[in-house]
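One structure below.
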């Protein structure tokens, strides 16, 4: 008997089941927000992007080790802002008579060949605000990458890489997972010390924590090497020497074309067709080299990640934000980069703000991630062990 086809409602219900979102969708969403953040220096819009990142990460992150790294990216973002403000205050330059002086640092004389930059001197409110906004934009870019690392499973992202980039992808994945695993090891060792009544704190506890953490890192590396060897990592398929040489020529020529195209697009003196032609030719040659080089890598795929309407929605929300802030139409483009002269409160443009809020829909469109650990039994339920075959 022929089975009837599933309807749209059934497919939507299946798509809403707990499952991890495709990692490429999260990266597209985060890179689109990073593109939008790079187009503006309006602190209100940048803070709104921070809020969207925090909302989505809180709603859709898992309990995996890499999902806990977003707060460390936030700490790094605050450090970046502080360093930017300190450098701008120490290496003061461009002070005008209209600036509002906050305080004065001791001035150090500089030689003539170091003209244009002074060490110390007056620190103005305008310069401090400008440094804060610049640091805020860089911090927003860092947090966008941190959100992608927290939401996307780096191991599952290896499945979508071409075969020629598989070894590079494994190296990048291992490098990205080092920091979260190190944080998890430190937390586990610190928890064990507290259970054993370890009272040393600060520098005194460094030795008691460092040795177990290094031992755990060595054990992890040995287990990873054994797992990679058992899965046939490093074994290549049949590839003739001529095919390998052709792959190298295509990749080198393609990279040279990309460099020429990028230089042609950035240099106003180079004709635009030269830049576009070099960039397009470099992309085609690199794609051909990757496709040819992927034949020598033999991989098996098990249970590939689906790309369904949640992935399209999440990626589309980010792309809408990047397009609206990149196009600069439908609103005053000057609102994206407000001036500090004269000092005034920045205006929040409605259309870019709405576009950033569209990116927050990823917290609703993305499916609920599955729990990493088995849930505990509910109250009132008792686990009954399997006693089949046990003597009565």
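Data table
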| read-out | value |
| --- | --- |
| Which numbered condition residue 51 misses (of (1) farther than 19 Å from residue 321 by Cβ; (2) out of contact with any helix residue (DSSP H, G or I) (no Cβ under 8 Å at 6 or more places or on another chain); (3) part of a helix (DSSP H, G or I)) | (1) |
| Residue match in the stretch 63-78 (condition: modelled with pLDDT of 90 or more, within 15 Å of residue 132 (Cβ to Cβ) and over 15 Å from the mean Cα position of the chain (by Cα)) | yes |
| Helices (runs of 4 or more DSSP H) lying entirely in the stretch 265-362 (those with 3 or more residues that are touching a helix residue (DSSP H, G or I) at 6+ places or on another chain (Cβ under 7 Å), over 30 Å from residue 21 (Cα atoms) and modelled with pLDDT of 80 or more) | 272-293 |
| Subset of the stretch 194-206 that is under 33 Å from the mean Cα position of the chain (by Cα) and surrounded by 10 or more Cβ atoms within 10 Å (Cβ to Cβ) - its residue that is modelled with the lowest pLDDT | 205 |
| Answer from 120, 116 - the residue that is under 26 Å from residue 337 (Cβ atoms) and modelled with pLDDT under 90 | 116 |
| Members of the stretch 340-349 that are surrounded by 12 or more Cβ atoms within 10 Å (Cβ to Cβ) and more than 23 Å from residue 53 (Cβ to Cβ) | 340, 343 |
| Failed item in (1) outside any helix (DSSP H, G or I); (2) modelled with pLDDT of 85 or more, with residue 18 passing the rest | (2) |
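The values are calculated or read from the model by the stated rules, or taken from the named source; none is laboratory data. Note that the structure is a prediction, hence the values are computed from the model and not measured. So basically every Cβ, Gly included, is an ideal-geometry build from the backbone, and we count neighbours across all protein chains shown.
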